[in-house]
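See structure below.
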Amino acid sequence: MFRRFTFGQYKDKNSVTHRLDARLKIFYVVVLGILSFTIKTRFEILVFSLFILLLVLLSKMNLSELIKNLEPFYFIFTFLFLMYLLFSRKQLLLGITYLWRFLMLIIISLLLTYTTTISELITAIERFSKPLKIFNIKPRNIAVMISVAVRFVPVMFIRFDKTREAMLARLANFRKMENIKLLITIVLEKMLKSASNLSDAMQSRLYNENAESHKKLRMGVLDYASIGFVLIFLFIIY
């Protein structure tokens, strides 16, 4: 299942969304994420869904890529839907609405990592974190921590899949709790070892937490046009 895991991976494409300023995209993710849980009427839900679909098209993400990226979440969606269906049928419509909100939030986050390189994310997060210097918090540490966490997610699922297959080859029965605990323990050990190796690699390359990225982020005509486009969308939905 996780062998084809692609969630959080950047795709190099010449799309409108790819060319937007990374700082602006992070801001849009926050705004749209909040908006997905505040809209209530059917009209607002419909307009918001069409807007997210338009963003997917502008990012040049085809249907097969979208399905593959959402694949790890199918079990969660199915499980939650069955819980509402079996134990709370009177609130089934409300449950479907919450599942939709969760789905929209996942797609919004996916579009950010799909259209933004890791270096752009680090630089943008650094810029947003600069005010934290007042509290003696290093912006570069925050940027690196978030970017590494984003990239560790697909690695974790891939290693989970490989470990599970190796245990199945040794006739492990995952109906037994001890085998499940062993699987989780092995995966955690591998991830902690990877984190340790990454830390050693950063130290050997003289990682400097006080350094700042010299990459410049400049807003252009397309960025300002996107601001106007989003404002029009907010005006329509409200």
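The values are calculated or read from the model by the stated rules, or taken from the named source; none is laboratory data. As the structure is a prediction and not an experimental result, all values here were calculated from the model. Counting neighbours? That spans all protein chains shown, and the Cβs are built from the backbone with ideal geometry, glycine included. These accessible areas exclude ligands, DNA and RNA; they are computed on the full protein's heavy atoms, side chains included. Shrake-Rupley method; radii C 1.70, N 1.55, O 1.52, S 1.80 Å.
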- [ ] Kindly indicate whether Tyr98 is more than 29 Å from Ser15 (Cα to Cα) and in a helix (DSSP H, G or I).
- [x] yes
TODO: Quick one: count up the residues across the range 180-238 that are surrounded by 13 or more Cβ atoms within 10 Å (Cβ to Cβ), among the acidic types (Asp, Glu) and at pLDDT 80 or above.
DONE: 1
Open item on the list: Return the residues of the range 47-67 that are more than 14 Å from Leu111 (Cα to Cα) and either without any contact (Cβ under 8 Å) to a residue 12 or more places away in the chain or surrounded by 18 or more Cβ atoms within 10 Å (Cβ to Cβ) (or both); say none if nothing qualifies.
Closed with: Phe48, Leu50, Ser64
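Here's the yes/no breakdown for (1) surrounded by 16 or more Cβ atoms within 10 Å (Cβ to Cβ); (2) assigned to a helix (DSSP H, G or I); (3) touching a residue at least 12 places away in the same chain (Cβ under 8 Å):
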| residue | (1), (2), (3) |
| --- | --- |
| Ile107 | yes, yes, yes |
| Leu112 | yes, yes, yes |
| Glu120 | yes, yes, yes |
| Glu126 | yes, yes, yes |
| Ile134 | no, yes, no |
| Ile137 | no, no, no |
| Ile142 | yes, yes, yes |
| Met145 | no, yes, no |
TODO: Tell me which residues, restricted to the range 23-46, are farther than 18 Å from Thr115 by Cβ and either touching a Ser or Thr at 6+ places or on another chain (Cβ under 8 Å) or loosely packed, with under 15 Cβ neighbours inside 10 Å (or both).
DONE: Ile34, Phe37, Thr38, Lys40, Thr41, Arg42, Phe43, Ile45, Leu46
Task: Positions within the range 68-92 being under 25 Å from Val153 (Cα atoms) and either touching a Ser or Thr at 6+ places or on another chain (Cβ under 9 Å) or surrounded by fewer than 12 Cβ atoms within 10 Å (Cβ to Cβ) (or both), in sequence order - done: Lys68, Asn69, Glu71, Tyr74, Phe75, Thr78, Phe79
- [ ] Any residue in the range 168-184 that's part of a loop (DSSP other than H, G, I, E, B): show its pairings with residues that are modelled with pLDDT under 85 and open to solvent by less than 100 Å² (accessible area, probe 1.4 Å) at Cβ separation under 7 Å, as long as the two are six or more apart or on different chains.
- [x] Ala172/Asn179; Asn173/Asn179; Phe174/Ile180
